[in-house]
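The next block holds one structure in the form of structure tokens; read it before the comments.
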Amino acid sequence: MGIPFHSQMRKKIKNGCNALLRFLFPTRAQHTIIPSENIRRILVIRINYRIGNILFTTPLLRALEQRVPEASVDVLIGARYPAPLLKGFSTVHNVFDFPRTLLKRPLHLFRYIAQLRQPYYDLVINMNTGSASDRVATFLARGKYKLGFDSLRDWSPTTHVVNPPNELVHEALKPLVLMEAFGNKSTDFPQKMDIALNEHEESEALEELKKRLLEQGYVWGSKRKIIGIFRDARYEKKISNEWWNEWYMHMKRRNPDFVFIDILSPDVTEKLSDELYSLLESNLRFLGAMLSQMDAFVCGDTGPMHLASASGAPTIALFKATTPTLYGTLGKNDLSLILNGSTPKSIALQITEHIETLPLKG
């Protein structure tokens, strides 16, 4: 079956726009070091609407916090609801969102662009050169230096570029390569996602988790391990409830003292089994804080997987359609497993063996 006509036309329009923009605004980006001593205001651009991709900004935000600690950082993302995930960093001052509805409301879009152009930044960072919306936002934002990856295929409104990595690199760690523009190596900085929870947030979340479990009949205080699970995922990454039921049966047989909490969502509104406890929380940052108090978290390749790992919860990720190399978990106590050819029983055994090596939290 051939490529659909609308896809062909969209590709041709994109290529034509790229060619026109390269002609009107030729890129003269340099592979030179950006002096960091005068960088006081930074804009990081990643216009995306998925939790995972927003969490992929956190290694770069941590690197900027360490490399230019006196700088004030603003972040431009897609949706508003993940914004609290980025506000734990001492240098992040504002997180702006770009609602999709703006594209249907020209007057509001014009006002938004005017607001975007109002501040003047010492440095504007385009994390994803392949995104047309990110490139346009980089072009519109006012800044002395504009940094991104070198791209021969796409028009890029940058003043400074670094070469993208030659080998496959995790999508959350790829932006760290941009720190070469300051004379650093990507490995000079933590190789993990992090939402920078503080002790107060963790303590408050623990008390709330105890309260919600008590309402369901579980009294906190025993030496039983608390295991969270999340069953939802997008499209082909989703694992069936039949698989989860069989896996849960094997987990309970091997680990009768484990306490399982089914994390619910607008798309998963009912527990897998009446035996499980449940948890529903719409505030993503507070959910992450509660996940950090669990002994382990098991899920497919989905946004809550990255949230759990970024919160410090030992995360076991089950991959069905994607590769852990690019999208796996990064915490020191995390584990990524590929389901292809594996039975729920064998996965339950691997997860049990991994959890037994972890320190007790609950």
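The values are calculated or read from the model by the stated rules, or taken from the named source; none is laboratory data. Please read these numbers as outputs of a predicted model, since none were measured by experiment. All Cβ positions, even for glycine, are placed from backbone atoms using ideal geometry, and neighbour counts span all protein chains on display.
At-a-glance table
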read-out: Residue within the stretch 83-95 that is assigned to a strand (DSSP E or B), surrounded by fewer than 17 Cβ atoms within 10 Å (Cβ to Cβ), in contact with a strand residue (DSSP E or B) (Cβ under 7 Å, 6 or more places away or on another chain) and modelled with pLDDT of 95 or more present; value: yes
read-out: Within the stretch 40-71, tally of residues that are over 14 Å from the mean Cα position of the chain (by Cα), under 20 Å from Leu140 (Cβ atoms) and surrounded by fewer than 20 Cβ atoms within 10 Å (Cβ to Cβ); value: 1
read-out: Residue count, the stretch 259-281 (criterion: touching a residue at least 24 places away in the same chain (Cβ under 8 Å), over 14 Å from Val298 (Cα atoms) and within 20 Å of the chain's Cα centre (by Cα)); value: 2
read-out: Residue match in the stretch 307-318 (condition: surrounded by fewer than 23 Cβ atoms within 10 Å (Cβ to Cβ) and on the phi < 0 side of the Ramachandran plot); value: no
read-out: Lone unmet requirement of (1) surrounded by fewer than 23 Cβ atoms within 10 Å (Cβ to Cβ); (2) touching a helix residue (DSSP H, G or I) at 6+ places or on another chain (Cβ under 7 Å); (3) not in a helix (DSSP H, G or I) for Val75; value: (1)
read-out: Filtered residues of the stretch 250-277 (kept if loosely packed, with under 14 Cβ neighbours inside 10 Å, of a type outside the set (S, T, N, Q) and within 15 Å of Arg231 (Cα to Cα)); value: Pro266, Asp267, Glu270
read-out: Lone unmet requirement of (1) outside any helix (DSSP H, G or I); (2) at pLDDT 95 or above; (3) surrounded by fewer than 17 Cβ atoms within 10 Å (Cβ to Cβ) for Pro165; value: (2)
read-out: Set Lys345, Lys361: member being in contact (Cβ under 8 Å) with a residue 40 or more places away in the chain and part of a helix (DSSP H, G or I); value: Lys345
read-out: Test: residue in the stretch 337-358 that is over 24 Å from Asn245 (Cβ atoms) and in contact with a helix residue (DSSP H, G or I) (Cβ under 6 Å, 6 or more places away or on another chain); value: no
read-out: Residue in the stretch 327-362 that is surrounded by the fewest Cβ atoms within 10 Å (Cβ to Cβ), counting only those that are closer than 18 Å to Arg224 by Cβ and among the small types (Gly, Ala, Ser); value: Gly362
read-out: From Lys223, Lys185, residue being among the basic types (Lys, Arg) and free of Cβ contacts under 8 Å to residues at least 12 places away in the same chain; value: Lys185
read-out: Qualifying residue in the stretch 297-305 (condition: crowded, with 16+ Cβ neighbours inside 10 Å, among the β-branched types (Val, Ile, Thr), outside any strand (DSSP E or B) and within 16 Å of the chain's Cα centre (by Cα)); value: yes
read-out: Search result, residues across the stretch 208-220 that are exposed (fewer than 11 other Cβ atoms within 10 Å of the Cβ) and out of contact with any helix residue (DSSP H, G or I) (no Cβ under 9 Å at 6 or more places or on another chain); value: Lys211, Glu215, Gly217
read-out: Per-region count, the stretch 116-149, residues outside any helix (DSSP H, G or I) and either touching a Pro at 6+ places or on another chain (Cβ under 7 Å) or over 23 Å from His170 (Cα atoms) (or both); value: 15
